[in-house]
Amino acid sequence: MVPGTPSTAVELRAARPEDLPGIEQLLTKAELPLAGVAESLPGFVVAESDGAIVGTAALELCSDNALLRSVAVAPEWRSRGLGRALVTRVIADAESRGLRALYLLTTTAERYFPSFGFREVARAHVPADVQRTKEFRGACPESAVVMCRDCVPAT
């Protein structure tokens with residue numbers, strides 16, 4: 001549980017199929033792409049309060065790498081640590097799977113993600129499996145900053 005308002009709390013949990021409309025609504029409000037969301041639903045974590053999806057983050061698996069995507073928090077829940085809790089949970093999931101690296105694309109949060117160990121990288125250094133995701137193939141603009149966490153050099 002994550003603290004919420006004095007009368008409510010937030011539960012972080014794995015997304016279920018019936019969460020898809022709420023996730024899509026939250027991502028649309030946050031102006032984040034919906035491309036690939038339905039296919040990636042098994043990697044989504046949601047924050048739920050009083051039956052509503054108030055936050056989300058996802059891990060899109062790409063062979064031995066992954067894409068951190070769809071990090072969004074409802075405006076009324078921002079600045080309460082909910083985004084940090086969601087990202088931390090997804091990173092822990094990636095680490096528990098033994099993935100080589102976790103990548104992300106952002107147009108607004110390049111100063112936020114270094115606190116989780118992400119660093120900016122050139123698109124050319126992103127593995128092909130990650131570059132094949134819908135986000136890299138056009139759902140996110142070319143101007144998006146590419147970041148990587150715990151990148152392990154290829155052997």
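For Ala38, indicate whether it is within 19 Å of Arg132 (Cα to Cα) and at pLDDT below 95.
Against the criterion (within 19 Å of Arg132 (Cα to Cα) and at pLDDT below 95), Ala38 qualifies.
Out of the residues in segment 110-132 that are among the aliphatic types (A, V, I, L, M) and open to solvent by 20 Å² or more (accessible area, probe 1.4 Å), which is nearest to the chain's Cα centre (by Cα)?
Ranking the qualifying residues of segment 110-132, first place goes to Val121.
Can you pull out the residues in segment 117-139 that are within 20 Å of Asp64 (Cβ to Cβ) and in a helix (DSSP H, G or I)?
Hits for segment 117-139 are Arg123, Ala124, His125, Ala128, Asp129, Val130, Gln131, Glu135, Phe136, Arg137.
Do we find that Glu48 is of a type outside the set (Ser, Thr, Tyr), out of contact with any Asp or Glu (no Cβ under 7 Å at 6 or more places or on another chain), modelled with pLDDT of 95 or more and farther than 25 Å from Ala101 by Cβ in this structure?
no
Restricting attention to segment 135-154, which residues are modelled with pLDDT under 80, among the charged types (D, E, K, R) and surrounded by 17 or more Cβ atoms within 10 Å (Cβ to Cβ)?
Glu135
The values are calculated or read from the model by the stated rules, or taken from the named source; none is laboratory data. A quick note: this is a predicted structure, and the numbers were derived from the prediction, not measured. Here the Cβ is made from the backbone with ideal geometry for all residues, glycine too, and neighbour counts use every protein chain on show. Quick note on the areas: whole protein, heavy atoms, side chains included, nothing else; ligands and nucleic acids left out. Shrake-Rupley method; radii C 1.70, N 1.55, O 1.52, S 1.80 Å.
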